[in-house]
Structures are given as C-alpha cells and as structure tokens.
Amino acid sequence: MAHPARQDIASAVGAVDAAMRRAERRAGRPPGATRLIAVSKTRSAVEIAAVRAAGIADFGENYLGDALPKIAALEARDITWHFIGSIQSNKTRDIARLFHWVHTVDRARVARRLDAAAERVLDVCIQVNIDDEPQKGGTSAEGARELLALVDELPNLRPRGLMVIPRNAGAEAARQSFRRLARLFEELAPAGGASWDTLSMGMSADYEAAIEEGATMVRIGTAVFGPRPPRERAAGAGQA
Ligand SMILES: *Cc1c(COP(=O)(O)O)cnc(C)c1O
C-alpha cells in the first residue's frame, strides 16, 4: 500500500488542527487548550516522520511489539510517546522504559509494575470504563478513585488524569460519556493534586464533541493518516 504523500499528511494535520481550534472557540476555551496525539498504530516510521515534520510531536501506540522498532528508528526526532493500548502485565517493563505517557492504567497490578520498572517519572492516566461495558478495558468510577490513591503513593508515577474509549454508538452517545468522565475528573481533582490536568478523550469520529466537553488530549488516527490498513499487513506487524 502506498504511503500518503507528505503534502497530504500536512494538509490533514492542518485540517484537524483547524477543527480543534474551532471546537475550542465554540466551547469558550483558550486556543491550544487541547493537544493532538497522532495515533500511529499500523503506520510506518516513514509516515510518522511525515506527521512529525508537519509539527506534531506526540504519538500514540497500542501494541508494544509494533511500536519498538518505530521508537528506535525515530529516536532522533524528539517525539513524546503515549501508550494507549491494553496492557498485559508482562509488557509493563518495556512500556515504562520506552513510553513517556501511559493512558491505559486500569488496575493496581499494572500500576505497581510500571512504577517498579520506570527509570524516570511516568505520566499516567487512569482508563475508565464509563459506560460499564463488559469485556472493555478500564476501571469503574469507584475503582478510579481507589487506583488514584495507589498511583499517588507510587514514587515513579505521576497522576495526570482520566482516559476513556466510549461505547461505539455515535457522537451524541459519546458526548454523554465524555460529560460523565469530565464530571468524574472534577470530583477526583482534590485527590489528583497539582499534576491532575488531563482528560484524554476523543478520536477521529468524535473529537470535536470531546473538546466541547473538556478534553485536553484527543487521540486521532484516521483523520491524520487516512484509512487504517488491516493490522496484519501493516508495516511493523509481525515483529510483535
Ligand atoms: C485507534 C485508537 C484511536 C484512534 O482512532 P481513530 O478513529 O483512527 O482516530 C484512539 N484511541 C485509541 C485507544 C485507539 O486504539
């Protein structure tokens, strides 16, 4: 499959950026209140470099094995790497060492293992299963409170906020989930302390609603890179 041209990527980044600023303005939020995380799962290092050249410095990856060669290849590019996939406990060591942010901390065992492996402070979000969907990653709202208390105690983890993947039922349903997550974020703010500043919510289909509901980070793949190739044929797959 052909790589999208560098110009196409730059214009896609420009379009998403403009839509983000418009959503901030509609919500009465300051321009730049929301940061774009380009979700680069299944994308090659060449494609990532093109997005980096367009001015985006934050990238999100879901699969450790796919991410490793890309992180190595792009070492000189000054990229902040965000882990946004579900976490197997036997992968916590490499995740803690190679990523700067982990958005998907959803249980005590994973938090403890990330803390033990980290060689520097790791910024973390607690993933909340706000719609209580079975088989979905994330903790309950009550679980988030308990997990935050633990993360607060762990010296190498810095609690930054909450992350959500809402149920797949359209932008209006997603908006309700974003609103509930934003409310939980406010409720937990006293416990989160000075570093508590991040609401990681919104993807290509619903990021404008997420920004209107208070997102500070949106995780966008398709709208930046174009339609995603199937994972098994993607560059980097097979090295997992
Ligand atoms: C793939 C993915 C995204 C980006 O999805 P798009 O619809 O391509 O923007 C965001 N967040 C998570 C957790 C993902 O797995």
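The values are calculated or read from the model by the stated rules, or taken from the named source; none is laboratory data. Fair warning: this is a prediction, and the values are worked out from it, not measured in the lab. Because the Cβ atoms are built from the backbone with ideal geometry, glycine has one as well, and the counts that use them run over all protein chains shown. Please note that ligands, DNA and RNA were not included when accessible areas were found on the heavy atoms of the full protein model with its side chains. Shrake-Rupley method; radii C 1.70, N 1.55, O 1.52, S 1.80 Å.
Assuming charge only on the beta carbon of Lys and Arg (+1) and of Asp and Glu (-1), the dipole of segment 83-205 about its Cα centre is about 300 debye to the nearest 20. The residues GLU186, GLU24, GLU153, GLU47, sorted by heavy-atom accessible surface at 1.4 Å with ligands and nucleic acids left out, run GLU153, GLU186, GLU47, GLU24 from largest to smallest. Under 5 Å between amide hydrogens, built in the peptide plane, is the criterion, and for ARG158 it picks out LEU122, ASP123, VAL124 among residues at least 5 positions away or on other chains. These residues, LYS91, LYS70, go from largest to smallest accessible area, 1.4 Å probe, as LYS91, LYS70.
Report the per residue volume, in Å³, of the convex hull enclosing the C-alpha atoms of the chain.
With only Cα atoms used, the chain gives 122 Å³ per residue.
A Gaussian network model of the chain, with springs between Cα atoms under 10 Å, assigns the largest mean-square fluctuation among VAL105, VAL121, VAL151 to VAL121.
Taken about its Cα centre, segment 1-87 carries a charge dipole of roughly 400 debye when the Cβ of each Lys and Arg holds +1 and the Cβ of each Asp and Glu holds -1. Amide H to amide H, with H built 1.01 Å from N, THR104 comes under 5 Å of CYS125, counting only residues 5 or more places away or on other chains.
Volume per residue, Å³, of the convex hull around the alpha-carbon atoms of segment 105-210? Don't skip to the answer; put the middle values down first.
On the way: hull volume 10.7 nm³, N = 106.
Convex hull of Cα atoms, per residue: 101 Å³.
For segment 70-116 versus segment 127-191, the spacing of their alpha-carbon centroids is 18 Å. Around the amide H of GLY221, modelled in the peptide plane, lie the amide H atoms of VAL39, SER204, all under 5 Å away and 5 or more residues distant in sequence or on another chain.
Using the rule -39500 (n - 2.57) for each DSSP H run of four or more residues, divided by the residues of the chain, the 222 nm mean residue ellipticity is -13000 deg cm²/dmol. Dipole check for the chain: with +1 at the C-beta of Lys and Arg, -1 at the C-beta of Asp and Glu, and the Cα centre as origin, the magnitude is about 400 Debye.
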